[in-house]
Every structure is written in structure tokens, then in C-alpha cells.
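In what follows, a single structure is set out as C-alpha cells and then discussed.
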Amino acid sequence: MSAQQNVIEKIQRGDWTGFKFAGLVRLSFELLSDADYSGPILTGNDINNRAEQERLIRERVEARGGTYVGTYDEPDTSAWKKRRIKQPDGTYKRRVIRPVLYGALKDLKTGYAVSGHFNPVEGVSKSSDVDGLIVLDLDRLTRDPRTLEDIIEVADDYSRPFVDLTGTLDLLTENGQDNARMLTTMAGKQSSATARRVKTSHLSRAMRGIPVGGNRAFGWAEDKRTLVYREAIQIRAAARLLLAGVKASRIIDKWNKSGRLTTKGNKWRRRTFVLMMTSPRMVGYRVYGPKDQPHHTRYLVDEKGNPIMGQYDPILDEHTWHSVVALLAGPDRPGSGYEPPAKVGYMLSGIIRCGSCGIKIYGNHKGAGKFDYACKVNDGGCGKACGAGLAIDSIITNLVLARLEEQNVKVEAQPWDKEVELAELNQEKKTLLAQYNDNSDMGPYIFPKIRKAEAAIAALVKERTAYLRRNSAPKAANMASAWPTLVVEQKNQICGELIEAVILQPATKGSNRFNPARLQVVWRQG
């Protein structure tokens with residue numbers, strides 16, 4: 001009698017003597033709300049408690065004469081939901097991701113725990129022998145046909161038993177494998193139906209503007225509808241600072257130092273801050289859509305392309321929000337033709353240039369509150385131009401303030417005049433997609449039109465981003481009085497909006513005082 005036949009006969013007789021079983025405990029987040037719990041046998045749909053699962057499967061192993069050596073834990077793991085996996089050639093495939101299960105399969109192939117996912121019971125080594133796997137039922141093992149075939153391969157090729165409490169799981173025989181395939185297909189269909197019902201339910205709630213569950217969003221109370229006044233004021237202040245040229249990192253640092261934490265009690269990080277400030281919830285739109293889309297585009301629209309409002313109060317007006325999105329997540333930021341350096345330490349960093357070789361010059365700290373603007377050989381320059389930073393900043397500040405006074409800067413920016421055109425194009429795209437869904441045979445006719453509409457939409461979004469960037473630049477009716485209160489990023493941005501370049505000529509030998517004649521200002525036109 002072959003070794004595999006001997007294993008089959010012992011398992012089928014219920015004699016597990018000599019076998020060392022490990023348990024697979026999967027805690028699911030996809031339990032069915034309409035599951036039938038009246039039956040006498042507990043199934044994977046009934047129990048979502050780790051300790052209870054482990055107790056039941058361990059008792060079964062020991063009652064049959066086997067040895068229970070440990071557990072493979074899969075917390076909050078779906079046995080059916082697939083994720084997109086990017087391939088080396090740039091294409092994608094959809095797979096159920098279960099590293100713990102596949103770690104268990106690896107251990108079963110070798111016969112002992114090597115994957116690192118095994119949690120031994122007391123008195124058992126972490127590298128214990130593992131002869132088989134026990135679960136509550138097939139549903140806990142898998143709901144995906146592709147995963148099942150990988151499991152069957154291990155059972156077949158390595159004579160490893162996979163058993164459950166019901167006694168119906170048998171992957172060592174052809175009949176048992178066929179039965180498992182049929183049950184897995186049915187379970188997958190059930191999961192698909194449940195997912196469809198859940199998706200329909202979520203969409204229905206979203207269309208009515210009902211807030212999503214989970215943790216409250218920063219700025220709103222636990223009811224997800226009313227504003228937390230202090231937090232709403234904090235967000236509005238952050239928006240004003242961003243539009244005034246203050247960097248997000250400076251705002252985040254200030255919040256963290258003052259103890260203003262997220263709703264989860266964590267310190268703020270840039271990603272968390274950006275996602276919050278660009279969320280459609282800020283203007284009252286009902287947040288909805290795939291998480292792989294840009295966050296600011298994830299909101300529902302009605303049949304006319306108008307945003308669906310959520311049942312919660314907005315914090316920002318639409319113009320302010322679009323301006324913030326353009327600054328933090330715009331596809332063409334900054335869009336004004338001026339790009340501030342990655343690190344702004346001085347007012348003219350990245351704006352002032354060497355009059356000899358033409359490269360951009362940045363400030364250099366000299367100690368005691370002093371600095372200079374110097375062309376450096378290490379930065380690819382000629383090293384010939386250098387000037388006292390305080391003196392240069394003072395000269396340029398006076399010129400900038402005089403220029404602003406001449407231009408009579410407006411305080412309020414005008415709205416972008418192509419919002420209607422952009423909305424019409426989005427609606428056209430939506431209509432074309434609906435036509436394709438109704439009749440896929442029209443694809444050759446419809447998709448060229450969709451591509452044309454998408455190109456026009458992209459061009460308008462790029463134009464809007466540039467416009468919002470220009471019109472969200474720092475502006476004040478009396479800049480002379482406001483200037484001392486501005487941070488260096490704001491001053492740098494104002495100079496960048498007005499000045500094309502400041503040319504610093506090399507110094508004349510024998511002169512210790514800075515000569516203003518060495519500076520030439522090239523103003524932006526228009």
C-alpha cells in the first residue's frame with residue numbers, strides 16, 4: 001500500500017493518530033447578514049472569533065487521536081475579494097491575497113514550519129513538524145477556485161490531509177476534490193451576490209447623501225454631520241495660509257507642536273493633511289468612488305453631472321477648495337511659470353541668478369543672523385558672484401512693495417470662466433460611457449469620441465489649475481504693512497510672481513560695501 005493510500009484510509013476512518021495538525025483560523029469581514037444560524041453544525045459563517053475557532057478545531061484533532069501543534073492566524077482576511085497586482089510588464093492581474101495561507105502551504109510542502117506564520121501552542125517548537133491542516137469548514141479555507149487548486153496540489157503531491165469539523169472536506173481523493181470545487185464555486189457565487197447587494201446598498205445611501213460609517217472625519221462630530229467649530233476654524237485657517245504661500249509642512253509642524261492631533265489621536269503627516277484638505281467633503285460633496293482615483297475626484301454626481309451633496313455641513317467654499325486642490329494635488333502645479341525651490345530658506349532663493357554664468361543662486365547662512373547669496377562651483381556655477389543677503393533683500397523688498405502699489409493689487413480673485421464648459425464635457429463623457437454600457441457593439445464609434453472628450457477635459461483641468469494658482473497667490477491691499485508679518489515662503493512666492501529674475505553681478509575689487517548697482521531686476525510681463 002502506498003504512503004498516500006495509507007494516509008487516505010487513516011483520515012477517512014477518523015484515525016488521526018501520529019498526525020501533527022495545525023489549524024487555520026481566518027477572521028472574516030465579509031460575513032453574511034442573511035446566513036442561517038439554526039443548524040446544529042457551526043460553520044465559518046457562524047463563528048468569527050479566534051479563540052472559539054481554535055478551541056473547536058483543537059478538540060476535534062485531539063478527539064481523533066492527533067496532535068494539535070499550533071495555529072495559522074488570518075485576521076480580517078477575505079477568502080474571495082481580489083486585488084489588482086501590477087506585473088513587471090506593466091499589466092495587471094487580479095488575485096486573492098492570502099500570505100498566511102500560502103505560508104501554511106509552504107510549510108506543508110516541507111513538512112515543518114518555516115514560513116514564519118506559524119504560532120505554536122505551549123510546549124511546541126516554532127519549527128515544529130506539520131503534517132496536515134484543519135479548519136472549521138471549507139468556507140474558512142477558501143472561496144476562490146484558483147486558491148483551491150493550489151491547495152489541492154499540495155494535498156495531491158505531498159499527501160497532506162486538509163480536514164474540517166463537518167467531515168466533508170477531503171482533498172486526497174478525486175471525489176472529494178470535485179465536491180470541494182463545486183462548493184467553492186457556490187461560495188464564490190454567494191460572495192459575489194453579497195458584494196453586489198452591499199455595493200448597491202452603499203450607492204443608494206451615497207445618492208441620498210448619507211455619511212459613510214467608520215471614524216469621524218476631522219472637522220465633523222461623531223454624528224458625521226455637524227461641524228466641530230474649533231476644528232473647522234483650524235481647517236479654514238490652514239486653507240488661507242496655503243493660499244498665502246505658506247508650505248504645508250510648516251502648517252503641519254505648527255499643528256503637531258501645539259498638540260492638535262488627528263481624530264485617531266495621531267500626529268499629522270503630510271499625506272493625512274493633503275487627503276483631508278483635498279477631500280470633496282470639504283465643500284459638502286458626498287465622498288464616493290474607487291480609492292485608486294485622485295482623492296479630490298472621488299464624489300458622486302447626478303444625471304446632469306452636478307455633485308451630490310452629503311448630509312453634512314461644508315467647511316470651505318468651492319473656489320477656496322479648488323484653489324487648495326490646485327496647490328496640493330493639481331496636475332500642473334504650480335502652473336504660473338514660477339516654481340519655488342524645494343527648500344525655501346531665503347526670500348530670493350531660486351530667483352536670484354549669477355550675472356556671470358546665469359545659474360540660480362540660493363542663500364547661505366553665515367552666522368549671527370547674516371547670510372549671503374553666492375554662486376558656488378559645487379553647484380555647477382562659476383563662483384564669481386556673491387552679495388550680502390540682508391542688503392539685497394532690503395533693496396528688492398522696497399522695489400517689490402513699490403511695484404505692488406503701482407499695480408493696485410485686487411484683493412478678491414475672479415472665478416474661472418470655463419467651469420460650465422468643463423461640466424458639459426464631463427457630462428458628455430458620462431453620456432458616451434452610458435451608451436457603451438447599453439450597447440457594447442458601439443465601442444468603435446463611441447471610444448474615439450470619449451478619447452476626444454477626455455483630452456479636452458484634461459486641457460481644461462490643466463488650464464483651471466494654472467488659473468487658480470495665479471489667482472490664489474498672496475495679495476493684500478496694503479502690502480507694506482503686511483510684509484513684516486509674512487513668512488519667508490510667502491515673500492519668496494510674491495517675488496516669484498512679480499520678478500522673472502534678479503541678476504547679481506560680480507563685485508568690484510577693493511569694495512567692502514554692497515553696491516546696489518550690481519543688481520538688475522527683470523520684471524514679469526503681463
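Bear in mind these aren't lab numbers, they're just calculated from the coordinates by the rules spelled out. Keep in mind that what you see is a predicted model, and the values were worked out from it rather than measured. Neighbour counts run over all protein chains shown; Cβ positions are idealised from the backbone, glycine included.
Order 368-376, 224-232 from most to least packed using the mean count of other Cβ atoms within 10 Å. Please report the intermediate quantities before stating the final value.
Numbers: 368-376: 16.4, 224-232: 14.8.
By packing density, highest mean first, the sequence is 368-376, 224-232.
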- prompt: Between residue 445 and residue 500, what length comes free when the chain is fully extended (0.36 nm per residue of separation minus the Cα-Cα distance, one decimal in nm)?
  reply: 15.0 nm
For the range 55-203, share of DSSP beta bridges that run antiparallel, in % to the nearest 5: 75 percent
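Rounded if a/c is under 1.5, else prolate if a/b beats b/c, else oblate: with a ≥ b ≥ c from the C-alpha gyration tensor eigenvalues square-rooted, which is the range 239-319? Walk me through the numbers before you get to the answer.
Values: a/c = 2.24, a/b = 1.88, b/c = 1.19.
Taking the square roots of the gyration eigenvalues as a ≥ b ≥ c, the range 239-319 is prolate.
Arrange the peptides 456-462, 252-258 so that the one whose residues have, on average, the most other Cβ atoms within 10 Å appears first.
Going from most to least packed, we get 456-462, 252-258.
Hey, any idea what the orientation-averaged projected area of the convex hull of the range 90-191's Cα atoms comes to, in nm²? Numbers along the way, then the final one.
Details: hull surface 31.4 nm².
Mean projected area for the range 90-191: 7.8 nm², to one decimal.
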message: Report the Cα centroid-to-centroid distance between the range 208-284 and the range 49-98 in angstrom, as an integer.
response: 37 Å
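Using only alpha carbon pairs under 8 Å that are at least six residues apart, calculate the relative contact order of the range 243-312 and give it in whole percent.
Working: 65 pairs, mean separation 14.9, N = 70.
This gives 21 percent for the range 243-312.
Once fully extended, how much extra length lies between residue 293 and residue 405, figured as 0.36 nm per residue of separation less the alpha-carbon to alpha-carbon distance?
Numbers: separation 112, 0.36 × 112 = 40.32 nm, distance 4.35 nm.
Length gained, residue 293 through residue 405: 36.0 nm.
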